[in-house]
1. Name the helices (runs of 4 or more DSSP H) wholly within segment 1-114 that hold at least 3 residues that are closer than 23 Å to residue 216 by Cβ?
2. Would you check if there is a residue in segment 187-205 being out of contact with any helix residue (DSSP H, G or I) (no Cβ under 9 Å at 6 or more places or on another chain), buried (at least 17 other Cβ atoms within 10 Å of the Cβ) and under 21 Å from residue 61 (Cβ atoms)?
3. In segment 130-153, how many residues are surrounded by fewer than 19 Cβ atoms within 10 Å (Cβ to Cβ) and touching a helix residue (DSSP H, G or I) at 6+ places or on another chain (Cβ under 6 Å)?
4. What is the number of the single condition among (1) in contact with a helix residue (DSSP H, G or I) (Cβ under 6 Å, 6 or more places away or on another chain); (2) within 16 Å of the ligand (Cβ to nearest atom) that residue 49 does not meet?
5. Name the single residue that is nearest to the chain's Cα centre (by Cα) among those in segment 47-71 being touching a residue at least 40 places away in the same chain (Cβ under 8 Å) and over 18 Å from residue 118 (Cα atoms).
6. In the set 169, 198, 178, 154, which member is in contact (Cβ under 8 Å) with a residue 40 or more places away in the chain and farther than 29 Å from residue 32 by Cα?
7. Out of curiosity, is residue 86 away from the ligand (no atom under 12 Å from the Cβ), surrounded by fewer than 23 Cβ atoms within 10 Å (Cβ to Cβ) and closer than 20 Å to residue 167 by Cβ?
8. Sort out which residues of segment 15-35 are surrounded by fewer than 11 Cβ atoms within 10 Å (Cβ to Cβ) and within 16 Å of the ligand (Cβ to nearest atom), and write them in order of number.
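The values are calculated or read from the model by the stated rules, or taken from the named source; none is laboratory data. The shown structure was predicted, so the numbers you read here are calculated from the model rather than taken from an experiment. So basically every Cβ, Gly included, is an ideal-geometry build from the backbone, and we count neighbours across all protein chains shown.
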Ligand SMILES: C[S@@+](CC[C@H](N)C(=O)[O-])C[C@H]1O[C@@H](n2cnc3c(N)ncnc32)[C@H](O)[C@@H]1O
């Protein structure tokens, strides 16, 4: 059953709309969103929706990126993994438009987009239906009174734990040291996940199959240091 409490309390913090899109990009968005955009059933319909139902024919695995920004990472992953269905959540419509440009230009057929709060999409998926998830450079909301706006939150960690398969990977990156500590503390506190760290500098390096996102590029240009965290969903006990 979908989590109806989340539907009632769902709220997106931050921008949904930037400057008006050029006509050509607005036309692309209008063409593609009806085909690859996700519309969830109304709140009184509590049925879960399997990821494979969004793809015909179904694909091998399903991955999820929360807050894809302008979609560089998601598009790269889609290109490198044609057998995987990629779900991207992003409420900022100008960012969605950039991802749609990639879809159009690169003929990517394995992307589906949800343009609202990622919690609502997560709540619509069945248990153990997602094989990999990414949260890259989430807004840190540094003021203590704004911490409840953070995407990596206790509630969302529980939601991810539910939908991730045994052995699934969760990747999180940030260049905000206090948020990094906060994420680590919350993730290590959750016995559903283990941190994949073998060497002391592992969290400063990322594997080759982790494309650079726009925010990460900006952060590098400005000389900030990022942390790349990888967690594994522990197998459920029988
Ligand atoms: C700092 S940006 C990082 C964007 C991208 N991941 C990157 O690395 O370039 C954080 C993104 O999270 C998105 N976001 C914020 N709240 C969200 C929510 N509830 N669900 C999905 N995305 C959200 C924002 O719109 C923004 O694009």
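1. Values: elements: 4-9, 23-36, 72-80, 93-106.
Counting at least 3 such residues, we get 72-80, 93-106.
2. no
3. Here the count works out to 1.
4. Residue 49 satisfies every listed condition except (2).
5. Filtering segment 47-71 for residues that are touching a residue at least 40 places away in the same chain (Cβ under 8 Å) and over 18 Å from residue 118 (Cα atoms), the one nearest to the chain's Cα centre (by Cα) comes out as 61.
6. Working: 198 fails: in contact (Cβ under 8 Å) with a residue 40 or more places away in the chain; 178 fails: in contact (Cβ under 8 Å) with a residue 40 or more places away in the chain; 154 fails: in contact (Cβ under 8 Å) with a residue 40 or more places away in the chain.
Exactly one residue qualifies, and that residue is 169.
7. no
8. 17, 19
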